[in-house]
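The values are calculated or read from the model by the stated rules, or taken from the named source; none is laboratory data. The shown structure was predicted, so the numbers you read here are calculated from the model rather than taken from an experiment. All Cβ positions, even for glycine, are placed from backbone atoms using ideal geometry, and neighbour counts span all protein chains on display. For the accessible areas, the whole protein counts, side chains as well, though only heavy atoms, and no ligand, DNA or RNA atoms are used. Shrake-Rupley method; radii C 1.70, N 1.55, O 1.52, S 1.80 Å.
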Amino acid sequence: MAGVTAPGVIAPVRRRNRKIGRRSPSLKILQREQTTVIVDDRVLTEAFVPSEVVHRHEEISRLSEAVEPLLSGGRADPAFLFGPTGVGKTCIARYTLDQLAERRPSIRVAYVNCWQEYTRFRVLYSLLEAVDQAYDVHRSTAQDELYGRLRSADEAPIVVILDEVDQLEESEVLYDVHRLPHVSVVLVANREEELFARFDDRVRSRFRAGTRVTLDRYGVDELVAILAERVRQGLEPESVTDEQLRQIADAAAGDARVAIGILRSAATRAQGRGDDRLTDSLLEDAIPDARNAIRQKTIENLPTHQRTLYDVIDEHGEIEPSDLYEAYEDRADEPKTRRTVRNYLTKMAHYDLVEATGENRGRTYRIVESTIVDTR
DNA sequence: AATCCACCGGAATCGATGGCCT
DNA sequence: AGGCCATCGATTCCGGTGGATT
């Protein structure tokens, strides 16, 4: 399954990211007066793009090669990044293209997360934003108008990162993008087969060529190195031991996002208690905590009706559609229709929050339990 | 075996929303 | 201000599926 990212969480990323590197003065002053673990909390967020990417040199250079033609004013073939969650796909895509844009500032980089921007309109809009042509676009602007504007804005080469492309609901937009001669794409997804299965033939044949970079899960040592780098940039050096980093890396099962999440959670707790270092018991608490954090976030951000459905299913453990609807109907004020509820349920299944077993009559819904098992 | 029925999900449509144009 | 138009979530309608019932 794709990296589960809560809807609406990614949106502010680009803006937040720009600020990274400058520490807010208020933060410093605040922390000097008390014991402290965290020096720069932005380093521990998912959006952070490290200035040096650890252990992905080969992958980065392959991606750089793929986008190389842009430096000489040409257009790059599509590039693909595949791999499971938390292996640094998004990170190296951004990193590599940032570097590219540094070498040739006329290149515009657009980042589109297809969990949020899953329609043709929104993708085109994001592209226009990248070339500062989105100023007077509104919801009623015709899509052809957007497309035409992109077409005529061809003095600046654009590279677009389409993150989680497999979430794109209108994959035809890839065809549109492909027809724009000055736009190059980097597609990020979990698995190649599943991605291509979603494409229609036109798109599939256009994207057959191109560079594929596949990322594997990190080993424990690699994760330790990544964590150590974050500690160096974001925490007090003495606050965490190597042994503890190893423990975190172990628990994260190859997923850097989880590893950093554990570190963040433990550090925040330590800081909250006024300690100046992480204790082992704190770490033990933080591990299951961070494992569920991403998921928890999605649940909390669920719109009320979907949240109600989630709660009902959660309380029953396993429930049949009709009972589910009845319970939901009781609990919600102004309940939605059955059809709408069905839409909600498919959406929630899509997010891996609930799962349906059985067909037709025998169908039941249940909560998807966290897939990561407790190692203790 | 025929019929019923709970359920799924596609397609068309509605209505609220919000900017544009005259 | 008033008409226009596109988007979007919700709803209505409906055909298909397959286990349950008669």
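Of note:
- DSSP-defined antiparallel bridges as percent of all bridges, chain A, nearest 5: 25
- Sequence-distant residues sharing a close amide H with A:Val354 (under 5 Å, placed H): A:Ala349, A:Val368
- Mean residue ellipticity (222 nm) of chain A, computed from DSSP H runs ≥ 4 via -39,500 (n - 2.57), nearest 500: -15000 deg cm²/dmol
- Taking a straight line from the alpha carbon of A:Lys297, these aspartates and glutamates sit under 14 Å away, with near neighbours fewer than eight places off in the same chain left out: A:Glu46, A:Asp289, A:Asp352.
- Once the 1.4 Å probe is applied to the protein heavy atoms, segment A:57-214 comes out at 44 Å² accessible per residue.
- Between A:Glu243, A:Glu359, A:Glu172, the GNM of chain A built on Cα springs shorter than 10 angstrom shows A:Glu359 fluctuating the most.
- Across A:Glu236, A:Glu315, A:Glu52, mean-square fluctuation computed from a Gaussian network of chain A (C-alpha pairs under 10 Å connected) peaks at A:Glu315.
- Heavy atoms of A:Arg94: accessible area, 1.4 Å probe, square angstrom to 10: 30
- Here the extension length gained between A:Ser51 and A:Thr211 equals 55.2 nm, from 0.36 nm per residue of separation less the Cα-Cα distance.
- Sequence-ordered 3J(HN,Hα) estimates for segment A:248-260 from the Karplus curve with 6.51, -1.76 and 1.60 and θ = phi - 60° stand at 4, 4, 4, 6, 7, 6, x, 9, 5, 5, 5, 4, 5 Hz, glycine and proline given as x.
- Subtracting the Cα-Cα distance of A:His350 and A:Glu284 from 0.36 nm times their residue separation leaves 20.7 nm of extension gain.
- Heavy-atom accessible surface of A:Tyr118, to the nearest 10 Å², is about 70 Å², with a 1.4 Å probe and all protein chains retained.
- Residue by residue, segment A:335-346 carries 3J(HN,Hα) couplings of x, 7, 6, 4, 4, 5, 4, 4, 4, 4, 5, 5 Hz when phi is fed to the Karplus relation 6.51 cos²θ - 1.76 cosθ + 1.60 (θ = phi - 60°); x denotes Gly or Pro.
- Sulfur and carbon atoms: percent of accessible area, segment A:208-361 [1.4 Å]: 42
- Put simply, when A:210-216, A:199-205 are sorted by average Cβ atoms within 10 angstrom per residue, most first, you get A:210-216, A:199-205.
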